[in-house]
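The structure under discussion appears below in the form of structure tokens.
Values quoted throughout were computed directly from the atomic coordinates according to the rules given, and no laboratory measurement underlies them. What you are looking at is a predicted structure, and each value in this text was computed from that prediction instead of being measured. Don't worry about glycine lacking a Cβ; one is built from the backbone with ideal geometry, like all the others, and counts go over all protein chains shown.
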Amino acid sequence: MSSLDITFPRSSILQAFNPKISTLSLSIALLCGAAQVSAQSNNIESIVVTADRQETELRDIAASIYTVDSEYLTTIKHVHVGEVLNSIPGVVFNRGNGQESLLGIRAPVLTGAGSCGSVQTSQDGIPLRGAGFCNVNQLFEANTEQASRIEIVRGPGSILYGVNALHGAINIISPTLGEAGGDVSLDFGPHGYGRLNLGYKTVSGDHAFGVHLNGANDDGYKDDSGFGQQKLNLSHRYTGDITVTTVLAATNLNQETAGYIEGAEVYKNEALKKTNGNPEAYRDASSFRLHSRIEGEFASGAEWMLTPYIRDTDMEFLMHFLPGTPVEENGHSSFGLQSMYSSMLTTDLEWIAGIDLEFTDGYLRQTQAGGFGSFPAGRQYDFDVDAQLISPYAQFKFQSTEKDQLSLGLRYELLEYDYDNKMIDGNTAEDGSSCTPSAFNPAGTCRYSRPADRSDDFNNGSIHLGWIHDFDEAQQVFVNVAHAFRAPQATELYRLQVNQTVADLDSEEVDSFEIGYRASRESMSYSVAAYWMQKDNVIFQDSSRSNVSGGETDHLGLEFNSLFNLTDALQLNIVASYADHTYGANIAPRGVTVSIDGNDIDTAPKLTGNVQLRWAINENNSAQLEWVHMDDYYTNETNTNRYEGHDLANLRYQYQSNNAWYFAARVTNLFDTDYAERADWTSFVGDRYFVGEPASLYVTIGTAF
């Protein structure tokens with residue numbers, strides 16, 4: 001089957017429709033309507049999550065957690081994980097080129113060396129990256145395509161997820177083991193896209209085995225772009241006096257990367273939107289993780305768990321977004337151990353405690369083929385960093401009354417770095433010489449600076465207080481008060497610029513307050529949450545390109561998600577989020593010469609939403625229509641440039657035969673809207689964009705066995 005691009009005429013109805021007013025009005029109307037019917041009781045929907053490192057019903061957790069199950073992932077058949085995450089309240093996701101991405105949870109889309117340190121991303125609770133060594137694109141190192149579910153914690157989650165869960169956490173749960181059987185399918189799409197998906201499970205006595213793999217190839221929508229990607233999960237579970245679940249996860253990515261296109265609203269220009277100003281750019285990345293979750297129960301009823309793991313990552317890419325387009329090589333190897341002990345101290349008091357240990361050896365090297373001006377040829381950075389993490393935690397849950405549950409969580413973290421510079425210290429070229437003087441750089445200083453060998457340690461503490469009150473079996477309110485942190489990443493400390501010789505950085509900290517309400521009845525379920533967060537010691541790059549901390553930002557938001565069973569055949573899911581992310585005091589980023597205190601943070605849309613109408617046509621056929629809304633947002637700190645936002649529609653259809661064969665088709669960007677996956681602005685080039693793809697048809701053919 002050949003690939004296919006399809007184009008539909010623009011809809012005058014959609015162009016005339018004001019999505020911001022309509023989405024907000026619809027959300028308010030649904031909230032009011034839900035308030036009127038919530039007294040009709042039923043059990044609150046029991047969604048099993050693992051935020052407590054053990055299976056727990058959502059109604060017993062004083063936090064906002066959203067779960068995407070395997071059925072939804074099978075329906076979406078996402079090419080990029082952003083297609084899934086953009087349907088979750090409080091999540092803002094920008095896709096770069098290929099499999100690259102930028103993410104924000106209850107935050108703007110964050111950028112920079114430490115942006116990935118604000119959200120903990122894990123598989124089965126094991127972080128995808130070592131503490132201090134995150135990468136903004138690290139989600140492509142997890143097999144989200146074949147996951148049994150994806151759990152998203154919105155808001156600080158540092159107590160049980162640990163380091164980096166400053167704004168939230170994403171936990172990808174590996175494919176489940178169980179009854180013997182398998183599934184194989186082929187996906188076809190535009191610009192040469194194809195993917196093979198294979199899953200197989202079997203059981204033999206006390207042992208269960210599983211293999212899940214997928215391999216994709218995409219020639220790329222833009223010129224000289226595309227990727228090849230392979231992901232593998234091997235799993236085994238032994239069930240006896242103890243249960244041992246072992247998972248090996250490996251990924252590989254080879255990508256030809258297309259850079260930004262530049263110019264005001266150039267993403268609407270048919271002649272330019274497919275151009276690639278960086279045809280030489282690439283990204284090669286591989287990852288490997290192996291963990292065994294060993295769990296059992298004492299005669300007293302107390303439960304315990306030990307999870308040793310190893311991890312290895314390597315990445316090489318051309319930094320096409322920097323002058324001189326240097327090549328970066330980075331990677332690390334880790335050994336870690338997670339532990340958990342849980343028991344009932346009394347009939348009303350439960351406690352969970354444990355300690356996390358991790359030891360990591362990391363490296364980074366940056367080189368440039370030819371030098372000019374302040375950008376020297378040869379090695380610009382070459383250093384190793386050893387990191388040690390020790391982090392005990394405890395959580396208590398007290399059923400104070402029949403309708404009230406109180407919780408207290410505590411975590412302490414000690415993260416130590418040992419940095420070894422393998423080059424000449426200071427602001428020089430590789431051989432110790434100065435860089436070439438110019439009119440812009442008469443002193444001949446080099447852009448990059450390397451600190452001398454040193455050690456740094458960060459001691460942090462987190463606390464969580466929660467309260468859940470059940471009005472009845474069908475509705476409850478919860479309150480969550482938390483203090484969380486993230487230590488500086490290794491690159492923020494040791495990848496310095498210009499004349500900075502030491503980065504004296506503190507850990508970023510967040511104080512958060514959240515109140516939420518959850519309810520369900522026979523034909524509907526919904527939740528609403530409001531939050532306030534203040535972040536201190538924000539790390540940023542100042543006007544002299546020095547990494548500094550001490551900034552402040554403020555975050556306010558309202559989130560809503562609901563599920564309505566309109567008829568036996570029709571189901572409506574509505575997600576909406578309104579957020580206000582603003583700069584506080586003490587932030588003066590590079591290139592900004594005026595006060596931005598009180599300004600909106602760039603790439604922080606206020607209103608985002610997702611509406612899905614699902615139709616079970618009959619026993620064998622189903623369809624889904626999805627509407628995705630991205631509000632307009634500023635693209636610079638001074639709030640003088642903005643992206644207009646966009647609305648997208650996606651249509652999906654599935655046919656399931658009576659003999660295990662199935663067929664699916666989906667049209668993304670149904671009305672062929674011109675839009676940007678990411679909009680940005682710099683003082684050097686002005687507006688720049690990653691272009692969204694036009695209307696495209698994807699087809700899946702598969703069978704279960």
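Laid out as a table, the results:
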item	result
17 Å reach of a label modelled at LEU272, 7 Å along Cα-to-Cβ, counting backbone N of segment 645-679	674-679
Contour excess over end-to-end distance, with Cα ends at ILE515 and ARG642 and 0.36 nm allotted per residue	42.6 nm
Pairs beyond 32 Å (Cα-Cα), from LYS201/LYS222; LYS231/LYS606; LYS222/LYS606	LYS201/LYS222; LYS231/LYS606
Inter-probe distance in nm under a simple model that places probes 7 Å from Cα toward Cβ, at GLU329 and TYR200	3.7 nm
Binned Cα-Cα distances of segment 595-705, short to long, each 5 Å bin given as a whole percent	2, 11, 16, 15, 14, 11, 9, 8, 6, 4, 3, 1, 0, 0
Sorted by Cβ density within 10 Å, fewest first, the residues THR567, THR668, THR202, THR245	THR567, THR202, THR245, THR668
Amide N of segment 251-283 lying under 15 Å from the label point, which is placed 7 angstrom from the Cα of ASP632 along Cα→Cβ	265
Rounded to the nearest 20 debye, dipole of the chain from Cβ charges on Lys, Arg, Asp, Glu	1140 debye
Helix-derived mean residue ellipticity, 222 nm - over the chain, DSSP H n ≥ 4, -39500 (n - 2.57), to 500	-1500 deg cm²/dmol
Largest-first principal axis extents, alpha carbons of the chain, Å	75, 64, 52
Order of PHE440, PHE359, PHE227 under a 10 Å beta carbon neighbour criterion, fewest first	PHE440, PHE359, PHE227
Theoretical FRET efficiency, 1/(1+(r/R0)^6), r = Cβ-Cβ of ALA623 and ASN659, R0 25 Å, to 0.05	0.70
Extent along principal axes [Cα atoms of segment 254-317; Å; largest to smallest]	71, 25, 13
Label-zone membership for segment 192-221, site LEU290, 7 angstrom Cα→C-beta point, backbone N under 19 Å	208-213
Using a Förster distance of 25 Å, the FRET efficiency for ASN254-TYR72 (Cβ separation, nearest 0.05)	0.30
Stretch gain in nm, segment ASP453-ALA530, where the contour uses 0.36 nm per residue and the Cα spacing is subtracted	23.2 nm
Segment 12-704: relative contact order in percent, alpha carbon pairs under 8 Å with at least 6 residues between	11 percent
Order of PHE140, PHE471 under a 10 Å beta carbon neighbour criterion, fewest first	PHE471, PHE140
Segment LEU408-GLU265, length gained on full extension (0.36 nm per residue, minus Cα span)	46.5 nm
